[in-house]
Every structure is written in structure tokens, then in C-alpha cells.
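The structure appears right after this line, and notes come after that.
The numbers here are math on the coordinates, done by the rules we state, and not lab data. Note that the structure is a prediction, hence the values are computed from the model and not measured. With ideal geometry, Cβ positions are generated from the backbone for all residues, glycine too; neighbour counts draw on all protein chains shown.
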Amino acid sequence: MVLEQRSDVPWGFADFTLVILCGYLSAIAVTLLATFGGLEAGPTIVIGAVAMASGLALGCVAVTRRRSASLADLGFVVEPSDGLYLLGGVGLQLALAIAFAPIAEFVQSDGPTQVVANEISGITALGSRIAIVLSVGLLTPIAEELTFRGVLLHATRRRLDDRGAQIVTAAIFSVLHWLGIEGGNTWAGLVTLAQLFIVGWILARVTVRTRRLGPAIFMHAGFNTLTLLTLFFPTA
């Protein structure tokens, strides 16, 4: 089934900005509460990431109501066959790792550059790992696809052709993720930024082609889940 989305919903960059603000304000508020509550730095960062995703999702609900629309008008429709895109996300992760391996070795990038990734890699409790997989492997893909391939892509396609919208969406997606990258190794951060741009571009292309967010959500979930597994069970 291909969703016939309403074409009269005037999605704009103001909607996207509101969603992003909801995400960041949620993350900041929860992080401050956890910090003042005496929680250790590692769990605090992870909880902040979960709060960010939750804030983004709530922000998307808020802007759809503001536009008298629904999440379905953003393309939030999932079909059973979309589960196959999990393999696409895993394949994308592996392909990027292989393609960028020579560059990563040249710039001496020998580990995760994102703050959250560094903290996740140090978590060993089974219950905590399951909670992280559910949040990063499921909640985050849903929230980010609604935000970037939902609100932002719709707003951008009102002003640009499909190719331009995909590039702009991928650029914004990668730059905003740059905020979560450590500054110790600038070149390693740039490698990660390039990889994020490719991921954002492919997810945007999949969304435009299928006219639904379901495939991109599952691809994103497969990508994130494989990342978590490599953090939990490093090969070296």
C-alpha cells in the first residue's frame, strides 16, 4: 500500500525548528536533573540521548496537531515487508565501514567519536544493554525519521526538487549530529560526518522512492543496532 498523503499541509522550517527545540530542551532538562540527582556521567549521557529522541517524537506530534494533520501525513506508515530493510541498514553499516577503513586508518580513528557511543561501549549490565537497544535501536530511528525524513524533507521538498531536498536534508542531518562528536580528533570527526551525510542521503532517497517512513525507520534501526553490537562486543 502506498500512502496518499495530504498535499495541502504547509510543512515549513518553523515546524522543523520547533521539533529540534523540543528534542534539545528535553535532553538538557533530563540531563540536568540526572546530574543534580547524583547520577554518574555515563548513564546521564545515555538518558539524555533517550530524552532527546522522546522530545523529537513529541515535537513531531505537536507540529502535526498545529497543522491539523497527522503523523500519517508525514509518511509514518509501516508495513510488514518493511522489516526487510533491517538488512539494508546492516549492509549500509558494513559498506561504510569497508569503504572508509583506509581513511579511518590514515587519520588514526580507532574508536567511536560520538560521546554517547563512548559511554554505551562501557555499559556491561544486561538490563541496561537491553534498554539501550530498545531506545537507540527503535525509539531513536522512529523519532529521527519523523523529524528529518518527515518534517524536514516535506518542508524542503516544497522549495526544492527531490534531489536538492535529499542533499539539504542529509546535510542538516549530519551537521546536527556533529554536535555529538568529540573534538579530540578533528579528522576522525570529519570521517564520521561524511558517513552520516551518506546515511542521511540514502534514507532520504528511500523515503522519496517509497513515499513512506517505514522503510527508512527499519533501515535506520538496522544501522543503529549493528553499531550497538559492535560497541557491546568489540572485535579487538
### Summary
Output ordering of 216-222, 29-35, 82-88, 204-210 (per-residue mean of other Cβ within 10 Å, highest first) is 216-222, 204-210, 82-88, 29-35
### Message
If I model a spin label at ASP8 and LEU32 as a point 7 Å from the Cα along the Cα→Cβ vector, what separation in nanometres do I get?
### Response
4.2
### Task
Starting from the Kirkwood radius over alpha-carbon pairs of the chain, derive D by Stokes-Einstein at 10 °C in a medium of 1.306 mPa s and give it in µm² s⁻¹.
87
### Query
How much length, in nm to one decimal, is gained on full extension between SER81 and ARG163, taken as 0.36 nm per residue of separation minus their Cα-Cα distance?
26.9 nm
### Task
Run a plain Debye calculation on the stretch 1-99 (Cα atoms as equal point scatterers, no solvent) and give log10 I(q)/I(0) at q = 0.16 Å⁻¹, rounded to two decimals, same order as the q list.
-0.92
### Query
For SER128 and ALA194, what does the FRET efficiency come to when R0 = 30 Å and r is the distance between their Cβ atoms, rounded to the nearest 0.05?
0.45
### the chain: relative contact order as a whole-number percent, Cα under 8 Å and 6+ apart
31
### Inter-label distance, nm, simple model (7 Å from Cα along the C-beta direction), THR17/ALA62
1.4
#### Entry: Label-point separation, ILE103 to VAL175 (7 Å along Cα→Cβ), nm
1.9
